[in-house]
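Asker: This is the structure, below, for whatever I ask next.
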Amino acid sequence: MKQLVSILLLFTLCNSCKKTVAPIKTGLIAEHAMVVSARVEASKIGSDILKKGGNAFDAMAATQLALAVAYPYAGNIGGGGFMIYRKSDGDIGALDYREKAPLAATKSMYLDEKGEVIPEKSTIGAMAVGIPGSVAGIFAVHEKFGSLPIEAIIRPSINLALKGVIVTKKQAAKIKRYQPLFFKANKDSILFSKAWKEKDTIKYPALAKTLERLLIHGKDEFYKGETAKRLVRFIQENGGIITEEDLAKYTVKWRKPTTFMYDDLKIISMPPPSSGGVCLAQIMTMVEPYDLHEFGHNSVKSIQVITEAERRAFADRSFYLGDPDFVNIPDDTLISKSYLNDRMRTFSFEKATLSSDVSHGNVQVVESDETTHYSIVDPFGNAVSVTTTINGAYGSKLYCSDLGFFLNNEMDDFSSKPGAPNMFGLIGGIANSIVPEKRMLSSMTPTIIEKNDKLFMTVGTPGGSTIITSVLQTILNVHEFNMTMQEAVNAPRFHHQWLPDEIRMEPNSFDNTSILQLQKLGYSINEKDSPIIGKVDGILVLDDELLEGGADRRGDDTAIGF
Ligand code: DON
C-alpha cells in the first residue's frame, strides 16, 4: 500500500498524466500520528506533543490552547466545544464543554416589549456571552486521559503568545472585515483595531499572562480565581449578566456518543446538546437505501436525495432538540430506521418536496420531564475529533484586553423566540428556549468512524448549520465516491436546512445543467450567500494503516504528522 500511495503522489505531480487520468490529490501521508487544524502553529504544537510521547488527549489540550493563541477568529478559551474520542482499545466517549446560560438569563432576554427580537443583542457585546467551557474542557481531558505534565501542555502556547503569530493573507482580510464590529462592541480600541497586514506578527502578552496563571493555579484560576474575578468585572462593566457564581458553578459533562451504522461504517458522533450526531444519523439513514455511488458525486439525483433527507432532519432538529439535561429528546426513535423510512415516503425524484409541506415527524415524547475543528490520531492508535467555537467570527467581538481573548456570542444559538431565525437562519422551538444553566443547541459534529471494528476516520468542521451537511458530504465522498481524504475535503459542497427552502451551493462549483435541472424540479438554488461551506479537517486511516490528512483548502488549515 505504501507503494500505492507513492504512485498516487506521483500522479499528482506528473503533469503529463493529467491528459489521460484525473490527478488524485492526496493529503499529507504520515506513518505514526497526525494533527490537522486551522493553523500550522497549532498543528505543530499538537504534533510536537505527540512526538514527545504524549497521547491524543495531551495533544487535544495543547492544540485547543494553541488555537486560542494562533486563531482568535474561532480558537478560544472564551468559548466552548465538544470532543469525541476513540481509544486504541475501542472505548468511545464524548465530552461536552459547551457554554451555559447565566443564572440571570431569562426566556425573553433578547425580546423587546412587543415581543420582537432586539437586533444584535444576542450576537454582539456582553449580553451575547455564554459561560465559557473551554478551560474546564481542557483540564477535564488532561485529568482523565492525559499522560504528560500540564506544564508540557500549556508552555508551548505561552511561548507562542509571547513570540507572536504571523498574520496570513486570509487572516488580514478577516480582521479588516470585522473591524467595524470591534469598534461597535468595545469601549476602547483593542489589539485587533490596528490595520494588521499579511506577514505582520501579532504578539499576545496579556493572553500569555492568563495562560501562565492557568499553568500555576489550574482550572480554578479561570472559574474561581483572579482570572474569574477580572473576567466577571469586565463582562459586567460592558453590560453583561455573568457573575462569579456562574463561573464557579460551570461543569463539563461526559456523555455517551450518538452511534449508528451506515453500510459497514460505524459512525460515532456528538449527542445533544449538539444536534450534530442525531441529524447526521437521520440524514445518513434516510439516504442509505439509495445508490449514491451509482448516481454519482454531486449529480442531480444525489443532490435530490441528500437535500430531501436534510430538509426532513432539520425540521425535526428545530422541534425536538435541545439540552438533554433540560428536555426529553426521543433520540432513539428519531434515528430509528422505521421512523426515517417513513419520513422519506413523501420523497419523489419527480418533484421537490416543499418545506412548507414538511414539519417535524410524529414522535411520542415521554413526559417526566465561527468555530474550528481539529482531528488528531496518536502513535498509540487513540483518536480525537474536536470542534470548538466562540460562535460568530471573533465571537461577540467583545475582546477582554486585560486577559487577552475574545468572548463568545453562543447565546445566539438558543431560540430567542420560537419561529425566529438565529444568525445561521436556524429556527428553534421550545426545546431550545433560554433557561438559566441550560446549554444552547449546537450543530457541531465532531465525528469518528470505525470500519471493521478499526479506526477509519476522524472528521469535523466549523460552519454553523452547514457543519452537519459538510461532515455528511465528506464521509460520503470517501465511502461512496472513493475520494482520498484531501479530495473529499476539497470537493464542492451544498446545503439545505429545511428553512429557508433553498439549496445553498458554493459558487461556480456545480455545473449549470445540473442547476437548471434542479430548478425545473422545483428546487430554489442560492449560489450567492455561501462563498464557502465548512472548513473540514480530517484524518483517514488507509488500508496499510498509514494516515492521510485532509486539511481544507478553504482556510489556512494544515496537517502535520510523522
Ligand atoms: O454550535 C454551533 O452550532 C455554532 N455555534 C457553530 C458556529 C460556527 O460553526 C461558526 N463557524 N462558521
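Asker: Does segment 262-277 hold any residues that are within 13 Å of the ligand (Cβ to nearest atom) and of a type outside the set (A, V, I, L, M), and which are they?
Answerer: Restricting attention to segment 262-277, the residues satisfying the condition of being within 13 Å of the ligand (Cβ to nearest atom) are 270, 272-277.
Matches in segment 262-277: Pro272, Pro273, Ser274, Ser275, Gly276, Gly277.
Asker: With Ser336, Ser385, Ser348 as the choices, which residue is within 30 Å of Ile29 (Cα to Cα) and among the small types (Gly, Ala, Ser)? Walk me through it before giving the result.
Answerer: On the way: Ser336 fails: within 30 Å of Ile29 (Cα to Cα); Ser348 fails: within 30 Å of Ile29 (Cα to Cα).
One residue alone meets the criteria, Ser385.
Asker: Does Thr469 satisfy being within 15 Å of the ligand (Cβ to nearest atom), of a type in the set (S, T, N, Q), assigned to a loop (DSSP other than H, G, I, E, B) and touching a helix residue (DSSP H, G or I) at 6+ places or on another chain (Cβ under 9 Å)?
Answerer: On the way: within 15 Å of the ligand (Cβ to nearest atom): yes; of a type in the set (S, T, N, Q): yes; assigned to a loop (DSSP other than H, G, I, E, B): no; touching a helix residue (DSSP H, G or I) at 6+ places or on another chain (Cβ under 9 Å): yes.
No; evaluated as a whole, the condition is false for this residue.
Asker: Test of understanding: among Asn422, Asn452, which residue is of a type in the set (S, T, N, Q) and surrounded by 21 or more Cβ atoms within 10 Å (Cβ to Cβ)?
Answerer: Matching residue, one of Asn422, Asn452: Asn422.
Asker: So the check is Cβ under 7 Å with 6+ separation or different chains; which pairs have a first residue in segment 411-423 that's under 15 Å from Asp323 (Cβ atoms) and more than 11 Å from the ligand (Cβ to nearest atom) and a second one that's of a type outside the set (Lys, Arg) and not in a helix (DSSP H, G or I)?
Answerer: These pairs meet every condition: Ser415/Gly428; Ser415/Gly429; Ser415/Ser433.
Rule-based calculations on the coordinates, nothing more; no lab input. Predicted model only: the values in this text are computed from it and were never measured. Note that we place each Cβ from the backbone using ideal geometry, even for glycine, and neighbour counts take in every protein chain shown.
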